[in-house]
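Student: Below you will find the structure I want to go over with you.
The values are calculated or read from the model by the stated rules, or taken from the named source; none is laboratory data. Everything numeric here is computed off the predicted structure, so don't read it as measured data. Note that we place each Cβ from the backbone using ideal geometry, even for glycine, and neighbour counts take in every protein chain shown. Ligands, DNA and RNA are excluded from the accessible area calculation, which covers all protein heavy atoms including side chains. Shrake-Rupley method; radii C 1.70, N 1.55, O 1.52, S 1.80 Å.
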Amino acid sequence: MQTFLVRIAICCLLCLFNACSTYKIRALPSDSLEQSFFDGIEVFVSQKPNSYVRFEIAQNSIGGFDDVPFVVYVVASILSKSGDGESVVFDIANVSAVQDNKTVPILTPEQIKNSHLDFGKAIESFGIATSPNPYIAPSTTISPMYPILLYRGYPGFFAYDPWVFGARDRIEQNMRLEENRRLKSIILSSYLRKNTLKHSHAPRGGFIAFDKGKLKVGVLEIRVKILDEIHSMRIQLDKK
């Protein structure tokens, strides 16, 4: 019985260690990619005869206790009017990722909505302001001397809750859930969805995200297929 409990404890510790692990992110240069920087964001451009793809990497690390996902911004455009190049649909189905010859799933909008991932740091890496929600009371403050103003979410209205000290923990938990939903709404508003690419039209695209738990140490290759052309870039992940 004691041996069984020890094994369970070891398994729990290993799971906890893996869940809290942090990876360093480093984009690998390539002769097929043009590298540049814009406001701290690393930009890689891949241009082929009929199509163009731009990858944007802003994070230096992912994971940790906050469970920060890996987020990449991808845009594409059509350069040629020949054949099917006049118009093409571009969405997550055009993007794939591989690590150690195994497919790494890209999070869907629905999976993001239902996840416990923390997108706050990922969003801020791209220079998107995520100022603290003014209706979240810091946990270090003394119990308020006034009723707490709560944001109730969509469709959006404000209401004063009764000043009940016994309900403070429940109120703060609800506030944290509201904050998590607010951050998810920011990433989802610019997530990669179905777009039609046309010659001479502006590039279209959006964010894609990876659950840190689906990644490991090594090289992650992200591929984007436009028409019959494959654009790719590689990301090195190391334990921090």
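Student: Suppose we keep only residues that are under 17 Å from LYS48 (Cβ atoms), touching an Asp or Glu at 6+ places or on another chain (Cβ under 8 Å) and surrounded by fewer than 21 Cβ atoms within 10 Å (Cβ to Cβ) within region 199-233. Which one would you say is modelled with the highest pLDDT?
Tutor: Ranking the qualifying residues of region 199-233, first place goes to SER232.
Student: Which residue is farthest from PHE210 (Cα to Cα), if the candidates are limited to region 1-58 and must be of a type in the set (Phe, Trp, Tyr) and at pLDDT below 55? I'd like the intermediate steps shown before the answer.
Tutor: Of the residues in region 1-58, the ones of a type in the set (Phe, Trp, Tyr) are 4, 17, 23, 37-38, 44, 52, 55.
Pick out the ones that are also at pLDDT below 55 and you get 4, 17.
Working: PHE4: 35, PHE17: 19 Å.
Only one residue tops the list, namely PHE4.
Student: Moving on to the next point. Quick check on my filter: what residues within region 111-123 are in a helix (DSSP H, G or I) and either at pLDDT 95 or above or open to solvent by less than 100 Å² (accessible area, probe 1.4 Å) (or both)? Steps first, please.
Tutor: Initially, region 111-123 is screened for residues in a helix (DSSP H, G or I), giving 111-114, 120-123.
Hits for region 111-123 are GLN111, ILE112, GLY120, ALA122, ILE123.
Student: Just the residues that are farther than 22 Å from ILE128 by Cβ, of a type in the set (Gly, Ala, Ser) and open to solvent by 60 Å² or more (accessible area, probe 1.4 Å), please, taken from region 19-52.
Tutor: Of everything in region 19-52, just one residue is farther than 22 Å from ILE128 by Cβ, of a type in the set (Gly, Ala, Ser) and open to solvent by 60 Å² or more (accessible area, probe 1.4 Å), namely SER32.
Student: Regarding LYS102, is this residue open to solvent by 10 Å² or more (accessible area, probe 1.4 Å), modelled with pLDDT of 85 or more, in contact with a strand residue (DSSP E or B) (Cβ under 7 Å, 6 or more places away or on another chain) and not acidic (Asp, Glu)?
Tutor: For LYS102, the condition - open to solvent by 10 Å² or more (accessible area, probe 1.4 Å), modelled with pLDDT of 85 or more, in contact with a strand residue (DSSP E or B) (Cβ under 7 Å, 6 or more places away or on another chain) and not acidic (Asp, Glu) - is not met.
Student: Tell me yes or no: at least one residue of region 62-75 is open to solvent by 50 Å² or more (accessible area, probe 1.4 Å), aromatic (Phe, Trp, Tyr) and under 25 Å from SER36 (Cβ atoms).
Tutor: First, pick out the residues of region 62-75 that are open to solvent by 50 Å² or more (accessible area, probe 1.4 Å): 65-66, 73.
Now narrow it down to the ones that are aromatic (Phe, Trp, Tyr): 65, 73.
Restricting the remaining residues to those that are under 25 Å from SER36 (Cβ atoms) gives 73.
Yes, there is a match, as at least one residue in region 62-75 is open to solvent by 50 Å² or more (accessible area, probe 1.4 Å), aromatic (Phe, Trp, Tyr) and under 25 Å from SER36 (Cβ atoms).
Student: If you check LEU107 against the conditions, is it assigned to a loop (DSSP other than H, G, I, E, B) and either basic (Lys, Arg) or at pLDDT 90 or above (or both)? Walk me through it before giving the result.
Tutor: Working: assigned to a loop (DSSP other than H, G, I, E, B): yes; either basic (Lys, Arg) or at pLDDT 90 or above (or both): yes.
In short, yes.
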